[in-house]
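Single-structure report; data block below.
The values are calculated or read from the model by the stated rules, or taken from the named source; none is laboratory data. This one's a predicted model, so the numbers in the text were calculated from it and none came from an experiment. Positions of Cβ are generated from backbone atoms using ideal geometry, with glycine treated the same way; all protein chains shown enter the neighbour counts.
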Amino acid sequence: MNDAVHRLVHTPQGVLGLVLLAVLALACLLGGVLAPYPPEAMDFTARFVAPGARHWFGADQLGRDVLSRLLMGARATVPLAVLATFAGATVGACIGTLSAYLGGRWDEAITRTIDAVMAIPHLLLALILVSTLGKGSANAALAIGISVAPSLARVTRSVALAARQQDYVKAAIARGEGGAWIVLREMLPNVAAPVIIEATIRVAFAVMLFATLSFLGLGAQPPASEWGLMISEARRYMHQAPWVLVAPALAIAMTAICFNLLGDGLRDALNPRDER
Amino acid sequence: MSSAWLLRRLLTVVYTLLVVSILVFGLTQILPADAAVSLLGENATPAALASLRQKLGLNDPVWLQYWHWLSALLQGDFGTSMRTSQPVGPAMFTALGRSLMLGGAALVLTLIIGVPLGMWAALRRGTMADLFAGLVSYLGVSLPEFVTATLLLIVVADRLQLLPATGYVAPSEDLGESVRHLILPALTVSVIMVAHVSRMVRSETIDVLNSDYVRAARLKGLPSRTVLLRHVLRNALLPTITIVALDVGYVLGGIIVVEEIFAIPGIGRQLIVAITSRDLPSIQAGAVIMAATYAVVNTVADIAYALIDRRIRYE
């Protein structure tokens, strides 16, 4: 693993991705301390103030400081997206590995079913789930986790199929180990690298999906400073104060770029053979 | 492409739709909405509610309800909207037509922008142009549709006043206006495909440029334009089909948001309205039609790829 991190910092994408990740982590951990104003403090003398010395990123329709809200919004968006993705990825990885381990008809049935589930667009699946479970950040995160799982299962299965043919798995079967043991202890650790790469890239999607759900009014609820919600609220005033809208848009883009870069960097670092 | 392969492929589509129908029906059944209450209103008498539940079959076991719904669906009956009391099927298919137009326009824009961008980056590999194309593709996969749409609205419609902001005009009404209204939504939907396609075309072009037959064509003295169009472009386009087919899911998801923002009465907007008003038959029909569209487009792409691939093998 140290070796992988070492190689990661030697790819340009990896370095840039890690820098952005550090910025995000800082915002998530210390957002409240770093914010120049309380994020929900209204100041009617500062309504629609343009970016400047007093408000670096300007102020919104209620005179709330945009930078402070962005910093708080990082906490409302990023950890949830990461958690949801990795939870969904773990479930997907287990299904994919199990499918490859069982092989034959079971594998065929599981794979076809996963493909079928993926025929429902992620956003639509998440929309239906959230409308079933009720709106709110927690349910949105659950919906995102569920919509991540099938694609991760597909990726994992293709890697696990190769692992299934390895001698150590054959040895475990010959030793008479149980199926759960083989899947969890022998195969899963050996498909971890591609799963981590894919999951990292999926975090970018999760952030976007979460923001989209909030934008549509089904994720985070007002007065939260979630980025998608901020954009949705700022749209009404986009003629007067486009910066209120552009700032969270850039924050979402930066976060998604961060995880895309990290994923690409990890791919280069963990698969030295795959030169692209 | 054997007929056995084709049959298998079609069976997969049938299985996909079966799973989707079970999933969609199951998920919408958990919805805490009582169809009888939503039809008759909160003030209906218990007796009226009970008789309507009986009539709608809401007292039947879930699997029987599913069977009734599925067999009606197979006969083309998508049920009656709880919101408008109109048949769901015709409304959804009219909406689907508009969405397909949007998707088609996005595909055209993807080919116009993404393919040349990828080739340009490959030909100018390692220069600022290549870096620019790489940046475009990173931004493309990192901006959700609602952000792209809003930014385009601010710049193109609001500041520059180049194109109308929102709304839908049928092509039969006024073709010019229809196209003008379609450009921004289609551009928004195409962004992610442009990102994927340009990246793919770039790496394919680089591979093809280094291949022996392109070197041979050059040595033969063919003008570089001919080499590019006849050999490089053609080979770089092949994987584009796969990429576009893989992106259909994103595009359908993107269409939902884009139609909502640009006020286009397509299937995505219908679905959002159905979900916010808890109109079960419309949600079910919309979701099944969307998944069916996905399955059909993917199958067509697979068949197209098999056909082209075969032709190349025999040449």
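Out of the residues in segment B:131-173 that are closer than 17 Å to residue B:263 by Cβ and of a type in the set (D, E, K, R), which is modelled with the lowest pLDDT?
The residue in question is B:158.
Of all the residues that make up segment A:91-111, how many are within 14 Å of chain B (Cβ to nearest Cβ) and either touching a strand residue (DSSP E or B) at 6+ places or on another chain (Cβ under 8 Å) or not in a helix (DSSP H, G or I) (or both)?
Here the count works out to 0.
Out of curiosity, is residue A:249 touching a helix residue (DSSP H, G or I) at 6+ places or on another chain (Cβ under 8 Å), farther than 20 Å from residue A:130 by Cα, surrounded by 24 or more Cβ atoms within 10 Å (Cβ to Cβ) and at the interface with chain B (Cβ under 7 Å from one of its Cβ atoms)? Break it down into steps so the answer makes sense when it comes.
Details: touching a helix residue (DSSP H, G or I) at 6+ places or on another chain (Cβ under 8 Å): yes; farther than 20 Å from residue A:130 by Cα: yes; surrounded by 24 or more Cβ atoms within 10 Å (Cβ to Cβ): yes; at the interface with chain B (Cβ under 7 Å from one of its Cβ atoms): yes.
So residue A:249 fits the description; yes.
Could you please give the count of residues in segment B:252-278 that are more than 8 Å from chain A (Cβ to nearest Cβ) and aliphatic (A, V, I, L, M)?
Matching residues across segment B:252-278 total 8.
Of (1) away from chain B (no Cβ under 14 Å); (2) part of a helix (DSSP H, G or I); (3) out of contact with any Leu (no Cβ under 8 Å at 6 or more places or on another chain), residue A:141 satisfies all except one. Which?
Answer for residue A:141: the failing condition is (3).
Could you list, in sequence order, all residues of segment B:69-85 that are outside any helix (DSSP H, G or I) and either of a type in the set (Phe, Trp, Tyr) or at pLDDT 90 or above (or both)? Before you say what the answer is, go through the steps one by one.
Within segment B:69-85, the subset outside any helix (DSSP H, G or I) is B:75-85.
Within segment B:69-85, B:78 is the sole residue that qualifies.
Under 8 Å between Cβ atoms, which residue pairs at least 6 apart in sequence (or on different chains) link something in segment B:117-131 that is acidic (Asp, Glu) with a partner that is in a loop (DSSP other than H, G, I, E, B)?
Listed pairs, sorted by first residue: B:130/B:124.
Look through segment A:185-212, keep the residues that are among the polar types (S, T, N, Q) and either crowded, with 23+ Cβ neighbours inside 10 Å or outside any helix (DSSP H, G or I) (or both), and return whichever of them is farthest from the other protein chains (Cβ to nearest Cβ).
Going through the qualifying residues, I end up with A:200.
Out of (1) within 14 Å of chain A (Cβ to nearest Cβ); (2) in contact with a Ser or Thr (Cβ under 7 Å, 6 or more places away or on another chain), the odd one out for residue B:232 is which?
(1)
For segment B:50-87, how many residues meet the condition of being exposed (fewer than 11 other Cβ atoms within 10 Å of the Cβ), in contact with a helix residue (DSSP H, G or I) (Cβ under 9 Å, 6 or more places away or on another chain) and under 18 Å from residue B:286 (Cβ atoms)?
Count: 2.
Residue A:114: touching a helix residue (DSSP H, G or I) at 6+ places or on another chain (Cβ under 9 Å), farther than 20 Å from residue B:252 by Cα, within 13 Å of chain B (Cβ to nearest Cβ) and modelled with pLDDT of 90 or more, yes or no? If you could, list the steps in order and put the result at the bottom.
Numbers: touching a helix residue (DSSP H, G or I) at 6+ places or on another chain (Cβ under 9 Å): yes; farther than 20 Å from residue B:252 by Cα: no; within 13 Å of chain B (Cβ to nearest Cβ): yes; modelled with pLDDT of 90 or more: yes.
Considered against the rule, which asks whether it is touching a helix residue (DSSP H, G or I) at 6+ places or on another chain (Cβ under 9 Å), farther than 20 Å from residue B:252 by Cα, within 13 Å of chain B (Cβ to nearest Cβ) and modelled with pLDDT of 90 or more, residue A:114 comes out as no.
Name the pairs whose Cβ atoms lie under 6 Å apart, with the first residue in segment B:1-30 and more than 8 Å from chain A (Cβ to nearest Cβ) and more than 20 Å from residue A:108 (Cβ to Cβ), the second small (Gly, Ala, Ser) and part of a helix (DSSP H, G or I), and 6 or more positions between them or separate chains?
B:1/B:306
Taking only segment B:128-153 into account, find how many residues are surrounded by fewer than 20 Cβ atoms within 10 Å (Cβ to Cβ) and away from every other protein chain (no Cβ under 14 Å).
Count: 3.
Looking at segment B:107-127, is at least one residue surrounded by fewer than 19 Cβ atoms within 10 Å (Cβ to Cβ) and within 14 Å of another protein chain (Cβ to nearest Cβ)?
Looking for residues that are surrounded by fewer than 19 Cβ atoms within 10 Å (Cβ to Cβ) and within 14 Å of another protein chain (Cβ to nearest Cβ), one finds at least one in segment B:107-127, hence yes.
Does residue A:215 satisfy the criteria of being without any contact (Cβ under 8 Å) to a residue 40 or more places away in the chain, closer than 21 Å to residue B:145 by Cα and surrounded by 19 or more Cβ atoms within 10 Å (Cβ to Cβ)?
On the way: without any contact (Cβ under 8 Å) to a residue 40 or more places away in the chain: yes; closer than 21 Å to residue B:145 by Cα: yes; surrounded by 19 or more Cβ atoms within 10 Å (Cβ to Cβ): yes.
So residue A:215 passes the test.
Go through (1) part of a helix (DSSP H, G or I); (2) at pLDDT below 90 for residue B:125 and report which single condition fails.
So residue B:125 meets the others, but not (1).
Looking at (1) touching a Ser or Thr at 6+ places or on another chain (Cβ under 9 Å); (2) farther than 19 Å from residue B:275 by Cβ; (3) at pLDDT below 90, which is the only condition residue B:88 fails?
Just one mismatch for residue B:88, condition (2).
Got a sec? Which of A:250, A:216 is aliphatic (A, V, I, L, M) and more than 18 Å from residue A:28 (Cβ to Cβ)? Spell out the reasoning first.
Working: A:250 fails: more than 18 Å from residue A:28 (Cβ to Cβ).
The unique qualifying residue is A:216.
Only one of these is modelled with pLDDT of 75 or more and more than 19 Å from the chain's Cα centre (by Cα): A:79, A:38. Name it. Walk me through it before giving the result.
Working: A:79 fails: more than 19 Å from the chain's Cα centre (by Cα).
From the options A:79, A:38, the qualifying one is A:38.
I'd like the full set of residues that are at the interface with chain B (Cβ under 9 Å from one of its Cβ atoms) and charged (D, E, K, R), limited to segment A:223-242.
Listed by number, the list holds a single entry, A:235.
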